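Worksheet: one structure, shown below.
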Amino acid sequence: MPVSVSQKKFVPTITIDKTELSFDASGGSQTISIKANFDYTISESASWFTLTKSNDVIKVTMPAYVETVDRTADITISNNKYNLSKTITISQKAFV
């Protein structure tokens, strides 16, 4: 009698604990937790904040902002092989 071996199909998944981060004009730091069962890349749409990755946590460090218009940007966590991505919107209030 043949032995049946059951294989589970790989299903790529990615979860993040926040989809938005908001900072006031004084700046600061916040973290985002990521859980994924594949390698991923992180990209940002602006250069006015700093990202630091440690294991599956991204630390977003925002400098003080002295302009009079709010600003926003995106962080994208993605894997092109699996065509998956998650976006986190970053916003910072203007100095008033």
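The values are calculated or read from the model by the stated rules, or taken from the named source; none is laboratory data. Model, not experiment: these values are computed from the prediction. Ideal geometry is used to build each Cβ from the backbone, glycine not excepted, and the neighbour counts take in all protein chains shown. What goes into the accessible areas is simple: the full protein's heavy atoms, side chains included, and nothing from ligands, DNA or RNA. Shrake-Rupley method; radii C 1.70, N 1.55, O 1.52, S 1.80 Å.
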Seminar exercise, completed: The lone condition Thr52 fails out of (1) open to solvent by less than 80 Å² (accessible area, probe 1.4 Å); (2) of a type in the set (Val, Ile, Thr); (3) free of Cβ contacts under 8 Å to residues at least 24 places away in the same chain; (4) farther than 26 Å from Pro12 by Cα is (4)
Exercise. Out of the residues in region 70-82 that are open to solvent by 80 Å² or more (accessible area, probe 1.4 Å) and modelled with pLDDT of 95 or more, which is nearest to Lys53 (Cα to Cα)?
Worked result: Thr72
For this session: Would you please list the contacts, defined by Cβ atoms under 6 Å and residues six or more apart or on different chains, that run from a residue in region 15-26 that is under 13 Å from Asp56 (Cα atoms) to a residue that is surrounded by 12 or more Cβ atoms within 10 Å (Cβ to Cβ) and of a type in the set (Ser, Thr, Tyr)?
Result: Asp17/Ser33
Exercise. Condition test on Ser91, is it farther than 29 Å from Val11 by Cβ and either small (Gly, Ala, Ser) or open to solvent by less than 60 Å² (accessible area, probe 1.4 Å) (or both)?
Worked result: yes
